[in-house]
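The values are calculated or read from the model by the stated rules, or taken from the named source; none is laboratory data. Since this is a predicted model, take the numbers as computed values, not measurements. Cβ placement follows ideal geometry from the backbone for every residue including glycine, while neighbour counts extend to all protein chains displayed.
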Amino acid sequence: MSDERMELVIHRLELANRIRRRQFLRLMAAAGLGAVSLSALAACRQEEATPAPGGAATPSPAAAGPGPEFKVAGYDDPNKWKGKTLVFAGFGGAMQDAQRVAVLEPFKRLTGAEIVEDSTDLGKLKAQVDAGNVEWTVAQQGTFESRLLARQGYLEPIDYSIVDKTNFLENVAGEYDVAIIFWSTILAYRTDEFGDNPPQGWKDYWDVEGFPGPRAADKVDGPIGNLEFALMADGVPKEQVYQVLRTPEGVDRAFASLDKIKPHVTVWWEAGAQPAQLLADGEVVMTSAWNGRIDAIQRQGAPVAIQWNEGLLRTDSFIVPKGAKEKELAMDFINFATRPEVQAELAKHIPYSPTNSKGFDLLPEDVKQRLPSAPAQKDVQLEADNEFWLDALEKLQERFDSWLTA
């Protein structure tokens, strides 16, 4: 992909993030949801804090209050980073609330570092690097977006002499990023509609006679997910999906499969909260959705369930902007955030799961059952191929947009 094309892709991702936030707020206002419902529905990986108008958001100190009093191997010097400040740019919302309790405050307690929080944004990161005035120490982004930034030269390489990758799951340790949580786009459905015969995968989502009722599907991620699901619905084993998608015939096959379900999709959702609300209200009987959103309404008592089979497993990463002032501190923070004790604690607060395999050893079974990368769930899902999408997104996004509006 040329630099100009990559710039266009990043611009589209930035625009999509801004649109998601505005649409989410409009949706919540229209639904009249109060603080309790908002809190539950905010369990989404991308609930960004709204940037300050006209420039970067003003960083604010991490909320006061001690994190959980757990110990982390190798972190027994409370003065290790005393006098140093780590500026962490996260997605805000429920995600950053959980990180504050499980990651940020414990790191402060165990190392003496001061923590300042900001809201992550692709454009802000690039502007800081371009200006040679990098404020952030560590930022969170989707792994796909992180690898786009790396290709453009905006990130520091990860120092694996500091970050211990011994027990990382496959594809977690990138050259310029470290995946820190798994999340999934899954098939969600109403349990009261299907009783003892729930949908088992995307073939059943496509089967409108055997599983009647209105559907919803993901517009936010465009072709990502939709093409993979279409091929699995058409009989392609999950292990062969990207092999097929790498051929022109495979892409045509995916769109032909989408043609079959398109008339039965009544809503193409445009914000992470929307599919959960559609299911809870009974407006659709099944939908693709981000697992955290469905987990939230399940715990509120909604008659919904997650079908992990053939879900699309994805990751978010921690990255260090090129020219960050405290590189060693940044690497140590990433190492800390990927320790089993820390990852397990985070998973107790939000249903996004460890990238360190040893984290699962510290979790009770009832929590594991809610996590995308727990062995029982991970084994039946398809892991997103970031390298495929880095090369193919622009062309397939254009085709998907044209197909959707045709």
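If I go through segment 318-337 residue by residue, how many of them are assigned to a loop (DSSP other than H, G, I, E, B) and charged (D, E, K, R)?
So in segment 318-337, the residues assigned to a loop (DSSP other than H, G, I, E, B) come out as 320, 322-326.
The next check asks that each one be charged (D, E, K, R); those that pass are 322, 325-326.
Qualifying residue count, segment 318-337: 3.
Considering only segment 225-244, state which residues are over 22 Å from Trp290 (Cβ atoms) and not in a loop (DSSP other than H, G, I, E, B).
Within segment 225-244, Glu239, Gln240, Gln243, Val244 meet the criteria.
Can you tell me which condition Lys126 does not meet? The list is (1) part of a helix (DSSP H, G or I); (2) within 30 Å of Ala392 (Cβ to Cβ); (3) in contact with a Leu (Cβ under 6 Å, 6 or more places away or on another chain), and all the others hold.
Condition (3) is where Lys126 drops out.
Kindly evaluate Asn171 against the criterion of being surrounded by fewer than 18 Cβ atoms within 10 Å (Cβ to Cβ), more than 22 Å from the chain's Cα centre (by Cα), assigned to a loop (DSSP other than H, G, I, E, B) and not charged (D, E, K, R).
The answer is no for Asn171.
Return the residues of segment 118-134 that are of a type in the set (Asp, Glu) and surrounded by fewer than 18 Cβ atoms within 10 Å (Cβ to Cβ); say none if nothing qualifies.
Asp130
From the set of residues in segment 338-384 that are among the small types (Gly, Ala, Ser) and in a loop (DSSP other than H, G, I, E, B), which is modelled with the highest pLDDT?
Only one residue tops the list, namely Ala384.
Take Leu125 and decide whether it is in the same structural domain as Lys71 (by TED's automatic domain parsing) and touching a strand residue (DSSP E or B) at 6+ places or on another chain (Cβ under 7 Å). Talk me through it step by step, then tell me what you get.
Numbers: in the same structural domain as Lys71 (by TED's automatic domain parsing): yes; touching a strand residue (DSSP E or B) at 6+ places or on another chain (Cβ under 7 Å): yes.
Answer is yes for this residue.
Quick grid of which residues meet (1) free of Cβ contacts under 8 Å to residues at least 24 places away in the same chain; (2) under 17 Å from Met95 (Cα atoms); (3) surrounded by 21 or more Cβ atoms within 10 Å (Cβ to Cβ):
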residue: Val342; (1), (2), (3): no, yes, yes
residue: Glu345; (1), (2), (3): no, yes, yes
residue: His349; (1), (2), (3): no, yes, no
residue: Thr355; (1), (2), (3): no, yes, yes
residue: Gly359; (1), (2), (3): yes, no, yes
residue: Pro364; (1), (2), (3): yes, no, no
residue: Lys368; (1), (2), (3): yes, no, no
residue: Ala374; (1), (2), (3): yes, no, yes
residue: Asp379; (1), (2), (3): yes, no, no
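Yes/no per residue for (1) surrounded by fewer than 19 Cβ atoms within 10 Å (Cβ to Cβ); (2) touching an Asp or Glu at 6+ places or on another chain (Cβ under 8 Å):
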{"site": "Val251", "(1), (2)": "no, no"}
{"site": "Val265", "(1), (2)": "no, no"}
{"site": "Ser288", "(1), (2)": "no, yes"}
{"site": "Gln300", "(1), (2)": "yes, no"}
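Of these, Ile186, Ile181, which one is out of contact with any Lys or Arg (no Cβ under 9 Å at 6 or more places or on another chain) and assigned to a strand (DSSP E or B)?
Residue meeting the stated conditions: Ile186.
Looking at (1) at pLDDT 95 or above; (2) closer than 16 Å to Asn291 by Cβ; (3) crowded, with 23+ Cβ neighbours inside 10 Å, find the lone condition where Ile319 falls short.
Ile319 satisfies every listed condition except (2).
With the requirement that a residue be among the aliphatic types (A, V, I, L, M) and either touching a Phe, Trp or Tyr at 6+ places or on another chain (Cβ under 9 Å) or not in a loop (DSSP other than H, G, I, E, B) (or both), what does segment 129-168 give you?
Filtering segment 129-168 down to residues among the aliphatic types (A, V, I, L, M) leaves 129, 131, 134, 138-139, 148-150, 155, 158, 162-163.
Of everything in segment 129-168, those that are among the aliphatic types (A, V, I, L, M) and either touching a Phe, Trp or Tyr at 6+ places or on another chain (Cβ under 9 Å) or not in a loop (DSSP other than H, G, I, E, B) (or both) turn out to be Val129, Ala131, Val138, Ala139, Leu148, Leu149, Ala150, Leu155, Ile158.
Which of the numbered conditions does Trp290 fail, given that it passes all the others? Conditions: (1) among the aromatic types (Phe, Trp, Tyr); (2) touching a residue at least 60 places away in the same chain (Cβ under 8 Å); (3) out of contact with any Cys (no Cβ under 9 Å at 6 or more places or on another chain).
All conditions are met except number (3).
Considering every residue within segment 207-214, establish whether at least one is part of a helix (DSSP H, G or I), surrounded by 15 or more Cβ atoms within 10 Å (Cβ to Cβ) and out of contact with any Asp or Glu (no Cβ under 9 Å at 6 or more places or on another chain).
The answer is no; no qualifying residue exists.
From Gly90, Gly83, grab the single residue that is surrounded by fewer than 23 Cβ atoms within 10 Å (Cβ to Cβ) and in the same structural domain as Ser353 (by TED's automatic domain parsing).
Gly83
Can you pull out the residues in segment 280-329 that are in contact with a Pro (Cβ under 9 Å, 6 or more places away or on another chain) and aliphatic (A, V, I, L, M)?
Ala280, Val284, Val285, Met286, Ala289, Ile294, Ala296, Ala305, Leu313, Val320
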